[in-house]
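The values are calculated or read from the model by the stated rules, or taken from the named source; none is laboratory data. This structure is a prediction, so every number in the text was calculated from the model and none was measured. Here the Cβ is made from the backbone with ideal geometry for all residues, glycine too, and neighbour counts use every protein chain on show.
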Amino acid sequence: MPASEHTIIRILSFFLLSLGQVAMAQQSAVESVASSDVSQIIRASIHIDIDTEPPPLSSETMLAALVGTESRIREALNQHTFKRDVTLETIGANGETTGQYIRNSQFLFDDRGNRIERVLYHPASTIKQLKITKEDIQDLAGAQLLGIDITEKAKYQLSYAGTEKFGSHYVFAFDVTPVQKPNPHRMRERYFVGRVWADAHNFQIVKVKGIVEPRGKQRFPVFETLREPAALDLRFPTSTYADDILHFPKFDVHYRITVRYYDYRRFASKLTIIEVGEPLTNSHSREAAPL
């Protein structure tokens, strides 16, 4: 056989081998979706075009992948310090700011590895129409930061709501409801109610939208938290926003929340989140103050 034919055969063989390797990599990517190891899921997703609609998967596979991936994300997040800038506002009839609560903080670690909040800037609140309560502070560090704690499987019921497009990404939407109805007499037990959207190829949550319950005499807004790549290609919270009308028995309050999370830095340690700030007594109620 002439040398030129040998060369052509070698080129064709190499081409077919390459196609086989790509096909195997794509098949491996789909199979790895159900894995709880987020690093494997991310590596597999590199071989998939994010603009391509994802292959059909069973609800059980998607939920298992979502829970496993979110567990790894939270474990990674708990090894990072970060900064948080909070602005809570009441808005007047003409769109003007009538009151403001600002709390800029840095979350870092003490000598025992516990994460603590160091308040960097916190002027006196000028909000008159309602009071900022301990539930507000709790939600800022809990549901509004992370959304649902899906690692606590017994607390929530998740159901697949469909496939959507989020920018250039396809995402899976999941509706979230508490297994038990939140008790208004146990305000410290906070529950997220709403929807989460997860990247269809690596199951990292990209958006959280909902409300925190119970509310008791208080009122809480519908909020939206976005996550973006922040560390090692992992999506961490970057912003929370709410712009809602809080309906009280005698009047309404236009309420706005703007939160920014940034400057993530890794700190290798097992962590416990502790909120540190001015004391808030149980007598503080989110019921609106008289106008």
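The figures follow:
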item: Condition check for Thr133: surrounded by fewer than 17 Cβ atoms within 10 Å (Cβ to Cβ), more than 17 Å from the chain's Cα centre (by Cα) and touching a residue at least 24 places away in the same chain (Cβ under 8 Å); result: no
item: Residue among Asp149, Asp110, Asp139 that is without any contact (Cβ under 8 Å) to a residue 12 or more places away in the chain and not β-branched (Val, Ile, Thr); result: Asp110
item: Pairs with Cβ under 8 Å, 6+ apart, first in the stretch 64-90 and in a loop (DSSP other than H, G, I, E, B), second at pLDDT below 95 and among the β-branched types (Val, Ile, Thr); result: Asn78/Ile273
item: Matching residues, the stretch 132-182, being among the acidic types (Asp, Glu) and either assigned to a helix (DSSP H, G or I) or on the phi > 0 side of the Ramachandran plot (or both); result: Glu135, Asp136, Asp139
item: Matching residues in the stretch 173-191 - criterion: being touching a Pro at 6+ places or on another chain (Cβ under 8 Å) and of a type in the set (A, V, I, L, M, F, W, C); result: Met187
item: Filter result for Ala154 (surrounded by fewer than 20 Cβ atoms within 10 Å (Cβ to Cβ), among the hydrophobic types (A, V, I, L, M, F, W, C) and within 15 Å of Val208 (Cα to Cα)); result: no
item: Selection within the stretch 72-98 - surrounded by fewer than 16 Cβ atoms within 10 Å (Cβ to Cβ) and under 30 Å from Gly162 (Cβ atoms); result: Arg74, Glu75
item: Residue, farthest from Phe236 (Cα to Cα), within the stretch 205-219, restricted to residues that are surrounded by fewer than 23 Cβ atoms within 10 Å (Cβ to Cβ) and touching a strand residue (DSSP E or B) at 6+ places or on another chain (Cβ under 7 Å); result: Arg219
item: Qualifying positions in the stretch 94-131 - in a loop (DSSP other than H, G, I, E, B) and touching a His at 6+ places or on another chain (Cβ under 8 Å); result: Lys131
